[in-house]
């Protein structure tokens with residue numbers, strides 16, 4: 001009897017372990033190679049510096065710091081840029097030239113498990129937010145940076161992580177959110193539907209297990225909730241042809257905060273090509289946030 005019970009418990013443990021490994025492996029973000037490195041930002045290479053930044057758990061992040069010429073004479077405002085799931089820092093390169101031309105420093109990070117940064121057993125939106133915090137801590141120690149004039153710009157999961165950070169740490173002047181989703185549960189369900197994972201059979205278990213692994217519920221980190229707690233101006237940018245995150249998510253997010261504004265652009269989820277015609281609006285939003293002396 002005892003042996004039979006032990007064997008059953010062992011089999012259950014083995015099945016749960018296999019399920020855990022399968023879920024983590026199935027959701028693991030691919031490492032996309034960097035295209036061009038510092039030469040992919042459209043600037044002279046002497047303006048771009050590759051940096052190493054300490055992260056949580058003794059890990060290390062790789063990033064690129066772009067400084068404008070004015071940083072030699074006086075500290076300048078800075079924008080920390082975080083890519084999305086399965087992307088990397090250099091894929092956010094199109095945002096650099098207009099920010100650099102406006103006189104802002106730019107720090108582009110590879111999140112853990114992405115680009116050249118260290119690996120982890122798993123990554124998640126909260127870990128993206130931890131990496132943002134590590135990048136901000138490093139930025140504030142740089143003599144060229146005006147430590148109290150830093151903004152965040154993130155794409156997709158990176159945007160959700162920027163909102164998560166800003167909701168709990170009121171230490172940035174503005175957030176630019178590109179293609180953010182409203183709720184991670186909806187993202188997961190769309191992903192599983194594409195992979196033909198039946199929700200009634202397996203999907204509910206995957207959702208519950210992922211939340212257990214990352215240590216937080218999706219409801220607590222959903223942008224619909226975190227944006228309401230962000231105290232700085234937020235610019236929501238969304239492509240009207242986005243098939244990964246429907247534009248309806250942007251409209252739902254807009255209702256969550258009186259400090260948010262929405263910019264719809266002719267583009268899909270990627271937005272790299274679509275942002276060009278709207279660079280002036282993005283820069284003007286950040287300049288206004290940096291120059292403001294009163295809370296919004």
Answer residue from the range 233-255, given it is free of Cβ contacts under 8 Å to residues at least 40 places away in the same chain, in contact with a strand residue (DSSP E or B) (Cβ under 6 Å, 6 or more places away or on another chain) and in a helix (DSSP H, G or I) and is farthest from residue 180 (Cα to Cα) among those: 254
For residue 289: the one exception among (1) under 20 Å from residue 154 (Cβ atoms); (2) crowded, with 16+ Cβ neighbours inside 10 Å; (3) touching a helix residue (DSSP H, G or I) at 6+ places or on another chain (Cβ under 9 Å): (3)
Residue within the range 147-158 that is surrounded by 15 or more Cβ atoms within 10 Å (Cβ to Cβ), without any contact (Cβ under 8 Å) to a residue 12 or more places away in the chain and more than 14 Å from the chain's Cα centre (by Cα) present: no
Which numbered condition residue 29 misses (of (1) under 24 Å from residue 213 (Cβ atoms); (2) outside any loop (DSSP other than H, G, I, E, B)): (2)
Residues satisfying the stated conditions in the range 170-204, i.e. in contact with a helix residue (DSSP H, G or I) (Cβ under 7 Å, 6 or more places away or on another chain) and more than 28 Å from residue 278 (Cα to Cα): 185, 188, 189, 192, 197, 199, 203
Count of residues meeting criterion [within 16 Å of the chain's Cα centre (by Cα) and assigned to a helix (DSSP H, G or I)] in the range 215-224: 4
Residue that is in contact with a helix residue (DSSP H, G or I) (Cβ under 9 Å, 6 or more places away or on another chain), within 24 Å of residue 187 (Cα to Cα) and crowded, with 22+ Cβ neighbours inside 10 Å, where the choices are 81, 66: 81
Enumeration of residues in the range 69-78 that are surrounded by fewer than 20 Cβ atoms within 10 Å (Cβ to Cβ) and either at pLDDT 95 or above or touching a helix residue (DSSP H, G or I) at 6+ places or on another chain (Cβ under 6 Å) (or both): 75
Condition broken by residue 48, with the remaining ones in (1) under 24 Å from residue 33 (Cβ atoms); (2) under 18 Å from the mean Cα position of the chain (by Cα); (3) modelled with pLDDT under 95 satisfied: (2)
Residues of the range 113-129 satisfying the condition of being out of contact with any strand residue (DSSP E or B) (no Cβ under 7 Å at 6 or more places or on another chain) and either buried (at least 20 other Cβ atoms within 10 Å of the Cβ) or under 15 Å from residue 30 (Cα atoms) (or both): 113, 114, 119, 120, 121, 122, 123, 124, 125, 127, 129
Among (1) assigned to a helix (DSSP H, G or I); (2) over 19 Å from the mean Cα position of the chain (by Cα) - the single one residue 258 does not satisfy: (1)
Tabulated pairs, the range 272-283, first within 12 Å of residue 97 (Cα to Cα), second at pLDDT 95 or above and in a loop (DSSP other than H, G, I, E, B), C-beta under 6 angstrom, 6+ apart or interchain: 283/102
Residue selected from the range 208-221 under the condition surrounded by 17 or more Cβ atoms within 10 Å (Cβ to Cβ) and without any contact (Cβ under 8 Å) to a residue 60 or more places away in the chain, by the criterion nearest to residue 28 (Cα to Cα): 211
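The values are calculated or read from the model by the stated rules, or taken from the named source; none is laboratory data. Please read these numbers as outputs of a predicted model, since none were measured by experiment. Note that we place each Cβ from the backbone using ideal geometry, even for glycine, and neighbour counts take in every protein chain shown.
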